[in-house]
Amino acid sequence: MRNYSRIFIFLLLYIFFSNCFLMLLKAQEITNGKKYWFALPYAKMLQYEEIRGNYPIELWLSSKVNTKATLKFANNTEKSYDIKANQVTQVAISDEFMCRESEVITNNGIYISALDPISVVVYYSYKWTGETFRVIPVEGLGLEYVTLNLYQDKTDELKPAQILIVATEDSTLVKYTPTKPTAKVNADVTKQITLMKGQTFLILGRNDNFLVQNWDSDITGTSISSNKPIAVFSGHTKGAFPEYFTGYKSTYQEHYANFARNMLIEQMLPFEMLGKEYISVPIKYLDRQRGLSGVENDYGDLIRFVASKDSTFIYKMKKDGNGLLQISKVLKKGEYFDILNQVEAAYYKSNNPVLVGQYGKAWWNDPGMMGITEIIDDKSNDEPQNPYLSGQGMLITLIPIPRWCSYENFYSPTNIDNFIYLTFREEDKDNIYFDEKKITSLWKNSIKQIAGTPYSYITEVIGSGNHRIEGKGNTKWAAYAYGNWDRVKDGYAYGYPISFNIAYVCDDSLIRTITEIPKGYEANPGDTITMDFKYYKKPGEKYDLVRSNIKSITARVYFKDTLRNDYSVYPVIENGCEDIIKEGTMTEDWVCQYAKVVDRRILEVAMTGDSALAANDNDILFKFKMYCFLSNNDGKINSLPCSISRHTICIEVDSVPGDIKIAPVCVNNLRLIKLSGVEYSISQNIPNPAFSNTTINYSVGIEANTSIKLYNTNGDFVANLVEQILKPGYYSLDINVLELDIPDGLYYYKIESGLYYETKKMVIAK
């Protein structure tokens, strides 16, 4: 009976936690906020261009509940708006606060506060240019960014790339290092500025007056860092691509690329929100035919990956689903890799977090420059640009899979072709609702699965007005709203992610929830505070910790170096384990192995026991001490409060008992799970030494990308033997060493699957 109970528990846990993805997405979800700081990026209009009304910029505000939001401009004018639950409120605003001058500090920040969490979207809709971006609430902002941009373009005047920075606190020190020259700073030169709350700083790419289009002017990958949270927006003032010469020439202007141009802008995700797994789906245009101009990259979307760390490389799932293929060179921080013409939905993976942008290409429905003859003095020289119905270009920031969401309201504007593309797990398709209807009933025939992955997608035309997407039962999705109108009719487009999870989700966690460190602690600098390390279980979860058989934990509590308002929080362990207070939920045989402070900001505590750890929801496992102090430049200690913010905490769990050994991983929430009945393993190759053929047997415990790589004694990569998403099970790898173009000698082969890794030696003697 006991064995049957264990099997039941294991099956139950496996259903809920079948892989790392699900674990991450079941962590806390935060999509909206009560405080926002943003500004209006530069929309570069033609000299003769009209606006689409008195107020060409709108805010789209929404909430799950009835609430009130207040909008405050830098000139201290403010106005409040009532927001109805699950309805998008449209607020028209003037562009008088649009940032236009490069590298000059201005007071153009816009602040929104709300009584309850809301979402904020900014929509530009000039006659011949437009764009949309989702605003990140203050609590989701970070201290380090890289950017997405595009190259210089010109019709009647030069249109450069742009970056816009907004400070959320006084005395914000900002550093930026552009990858290419800006209007006032050379490439690879670090510039430092200080901003006060609400101040803005626009960075424009440097103009090259001798080139209509300058491919070497793209400032993508510009590094931006600060000592306090900032908002960063980047893209282009009005760009056109792909980058090639069409052949059109008149006495008015020489035209490169295509004549359809559009503003490109998104708010950049801070490093904490970047990920390693992404999905893209092709941008859809009504009746658009691709690849008919004879130009190589006149079709598909541009997918751009920007590295946040050195030694980054990108994988892409093969079209047939038979494993991942490395598609990029090794990238340094700020370097980017482009897929020029992505025409199919695709799954991407990287070894380090990356920023990913999707650019929908701009085409113009006009075989002979119709509709703008007023600027052309020699229409006889007209040449077709692309005589097929299309829309303007757009930029969309892709959301990493662990930051998918479960619920959001959004709005699609009038007088435009509106679309949505939605990505989700295939097994969750019956749990996703669009406007309160199952997507399987609305668009059953449109659902397509990406080969080799558990993910599916939908791309559909949708009507204007209010919409809602909801995933039932913790089902997560990513959705992108976009639209376009061809240039002859009006000529603008938009695209943006509908929602994203800003909650801190530590990377590659297989387990979740042991602790929440309480907020709201206040003390004078120098005071010692006792903090609780708690067990936390979400409502409705039906298992007990004893059956999980946890007999050892190593907890690493991270404290941010500098918090808001110059307050710093550090752990203090003066007497080792004597400073750890064990609570009654730990049985008597549980002991503290060690307690220490690592590099001043990390508290590490190791606990072990002969019997399984037992705890109920919100039970305290142990307590630890910490103190706080001010870290201001003059060294004065003032009697001011310090507090813990959401960004300060991260827990590392070193090991889990039972069949699975997990290397240290960063987690918000911790829980043991039985992932499958299969243990991770890799055997010694047989025969060894390998003269011709040799075999390696291995097993995988959960569905995950699995690689087996060969290295020489210097640690240099030699060959990729396996690179594929595998389900739990046992596998055998046959290797013909004669086909490996390497000399005889000693080698190492390493398996990595999820968090499991192991290395063994192989001798090759051909």
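Quick note: the coordinates plus some simple rules give every number you see, no bench work behind them. This structure is a prediction, so every number in the text was calculated from the model and none was measured. Positions of Cβ are generated from backbone atoms using ideal geometry, with glycine treated the same way; all protein chains shown enter the neighbour counts.
The table below lists the values:
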item: Percentage, to the nearest whole number, of Cα pairs in the range 112-234 over 27 Å apart; result: 24 percent
item: Reduced Cα scattering model of the range 144-200, Debye log10 I(q)/I(0), q = 0.20 Å⁻¹; result: -0.86
item: Simple Cβ-charge dipole of the range 681-764, Lys/Arg +1 and Asp/Glu -1, about Cα centre, in debye nearest 20; result: 240 debye
item: Stretch gain in nm, segment A765-E78, where the contour uses 0.36 nm per residue and the Cα spacing is subtracted; result: 239.5 nm
item: Restricting the range 390-497 to trypsin sites (Lys or Arg not before Pro) in coil, as DSSP defines it, with at most 14 other Cβ within 10 Å; result: K489
item: Cross-link table K332/K761; K34/K64; K349/K709, entries beyond 20 Å C-alpha to C-alpha; result: K332/K761
item: Net charge contributed by nearby residues that have their C-beta within less than 14 Å of E470 (K/R +1, D/E -1); result: +1
item: Distance (nanometres) between label positions extended 7 Å along Cα→Cβ at L721 and D170; result: 6.2 nm
item: Under-22-angstrom lysine pairs by C-alpha in the range 87-223, whenever the two are 8 or more apart or on separate chains; result: 10
item: Peptide ranges 326-336, 697-707 listed from the most packed, as the mean C-beta count within 10 angstrom indicates; result: 697-707, 326-336
item: Label zone at K318, where the point sits 7 Å out along the Cα-to-Cβ direction: the range 712-743 residues whose backbone N lies under 17 Å; result: 719-727, 732-736
item: Reference-scaled alpha-carbon Rg (2.2 N^0.38 Å with N residues) for the range 681-764; result: 1.04
item: Highest to lowest packing among 352-358, 129-135, 64-70, scored as the average C-beta count within 10 Å; result: 129-135, 352-358, 64-70
